[in-house]
Amino acid sequence: MADDKDVLRDVWFGRIPTSFTLYQDEITEREADPYYLLLPRVSYLTLVTDKVKKHFQKVMKQEDMGEMWLEYEGTSLKWHYPIGLLFDLHASNTALPWNITVHFQNFPEKDLLHCTSNYVIEAHFMSCIKEADVLKHKGQVINEMQKKDHKQLWMGLQNDKFDQFWAINRKLMEYSVEEGGFRYIPFRIYQTTSDRPFIQKLFRPVTAEGQTHTLGDLLKEMFSAAVTPNDGEKKYQVVIHGIEPMLETPLQWLSEHLSYPDNFLHISVIPMPTD
C-alpha cells in the first residue's frame, strides 16, 4: 500500500460541526436547549450520539421516550450509513453547523432500521468489511485474521483510535505487485434523486490490458451523467469525504486512501446547487 499516512489521518479525523435540536412536537417538562457535537465523518450516528440522548432525557419523562431517531430537513438519517456520507449526500451545500432534528416518537419503520445496541452496529460494520474483502481478495485476508483482529478493527472505530484501527486495516489494503491492485474495487454510488439506495457492481482497478482505471472511468460506466462533457455544463458534484476528487485519480489509490473504515468507497453524486 502506498505510504501516504497524512491522507489516511486527514480522512480519519474529519469532523462535522453539528447542532441537535429536539423536534417541536416532542413532549418536554421544560424547554430543551440544542446540543452541539463535532461528529466524526468515519463513524455512525448511533455510535456517537449517546450524549445527545442523555442531554434531551433531562427534559423528558421516560414514558415519552421511544427509540431515538434523527432527521435532516424531512429526510430520516440512516444510521447504517457513515456520517460523512449522510452529510455529503444531504447537506454538503448548506451552511454549518449541520442542523439535525431529534425524535423520540413515531419511529419511521419504512425508512430506518432499528438499532437497539452497539452490537447491531458492530455486526453491520463487520459484514461490510467482509463483503469488501470478498471483492478485493476473495475474502482470504479477513478470513485468515483471528477474532481478536476483527475486534481490534471494531474497537478502533468505536473508540476513535486511528493507530489501533490501521494496525489491522492495512492488511486489508495490501496486494502483490503481480496483481497490481485489488480484484475488484468495493464502491457504492449514491444519489438523492434516485429511488434505488445505491449503485454497486463489479469493477476492476485495471483494464484487461493493464491500464489504470480512474474515478472518471468508473462514473462513465456506472452513472455517465455525472461526467461533464468537454463542451457541456457541469450538472453534478462527485463527492467523497467532503471533497471532489479529480476524475483522473486512479481508482486503486482512492480505494486505499479514501475508503471509509468499512473498506468501501462511498461516492455521493449530488446535483449542482442552483443558487
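The values are calculated or read from the model by the stated rules, or taken from the named source; none is laboratory data. In this text, all values refer to a predicted model and were calculated from it rather than measured experimentally. Cβ: placed from backbone, ideal geometry, glycine included. Neighbour counts: every protein chain shown. All accessible areas refer to the heavy atoms of the entire protein, side chains included, with ligands and DNA or RNA removed. Shrake-Rupley method; radii C 1.70, N 1.55, O 1.52, S 1.80 Å.
State the antiparallel share, in %, of DSSP beta bridges confined to the chain, rounding to the nearest 5.
65
Quick one: order T192, T49 from most to least accessible surface, probe 1.4 Å.
Reading off the accessible areas and sorting them downward yields T192, T49.
Using all C-alpha to C-alpha distances in the range 92-212, build P(r) with 10 Å bins and read off the rounded percent in each one.
Histogramming the range 92-212 at 10 Å steps yields 10, 28, 34, 22, 6, 1 percent.
Please work out the C-alpha center-to-center distance from the range 21-85 to the range 178-248 and express it in whole Å.
A separation of 33 Å, based on Cα centres.
In whole Å, what are the extents of the chain along the principal axes defined by its C-alpha atoms, from largest to smallest?
67, 52, 33
Between N143 and E29, what's the calculated FRET efficiency when r is the beta-carbon distance and R0 is 41 Å? Round to 0.05.
Values: r = 52 Å, r/R0 = 1.28.
Rounded to the nearest 0.05, the efficiency is 0.20.
Percent of Cα-Cα pairs more than 21 Å apart in the range 7-147, please.
So the pairs more than 21 Å apart make up 49 percent of the total in the range 7-147.
Starting from the Kirkwood Rh over alpha-carbon pairs, what translational D in µm² s⁻¹ does the range 154-257 have by Stokes-Einstein at 20 °C and 1.002 mPa s? Please list the in-between numbers first.
Working: Rh = 15.7 Å.
Translational diffusion coefficient: 137 µm²/s.
Counting only protein heavy atoms and a 1.4 Å probe, tell me what percentage of the chain's accessible area is made up of carbon and sulfur.
48
Would you please give the FRET efficiency between K51 and L96, computed as 1/(1 + (r/R0)^6) with r the Cβ-Cβ distance and R0 = 30 Å, to the nearest 0.05?
Efficiency for this residue pair is about 0.95.
Applying 1/(1 + (r/R0)^6) with R0 = 22 Å to the Cβ-Cβ distance of A123 and S76, what FRET efficiency is obtained, to the nearest 0.05?
0.60
Can you give the helix-only mean residue ellipticity at 222 nm for the chain, where every DSSP H stretch with n ≥ 4 adds -39500 (n - 2.57) and the sum goes over all residues, rounded to the nearest 500 deg cm²/dmol?
-9500 deg cm²/dmol
Which value in nm describes the separation of the simple spin-label points at R183 and E233, placed 7 Å from the Cα toward the beta carbon?
For the pair R183/E233, the computed spacing is 4.5 nm.
Restricting to Cα pairs below 8 Å that are 6+ residues apart, what does the relative contact order work out to for the chain? Please round to a whole percent. Provide the component values of the computation, followed by the final result.
On the way: 427 pairs, mean separation 52.8, N = 275.
The normalised contact order for the chain reaches 19 percent.
Using the Cα atoms of the range 218-275, I'd like the radius of gyration and the largest Cα-Cα distance, Dmax, both in angstrom.
Rg and Dmax of the range 218-275, Cα atoms, are 12.1, 38 Å.
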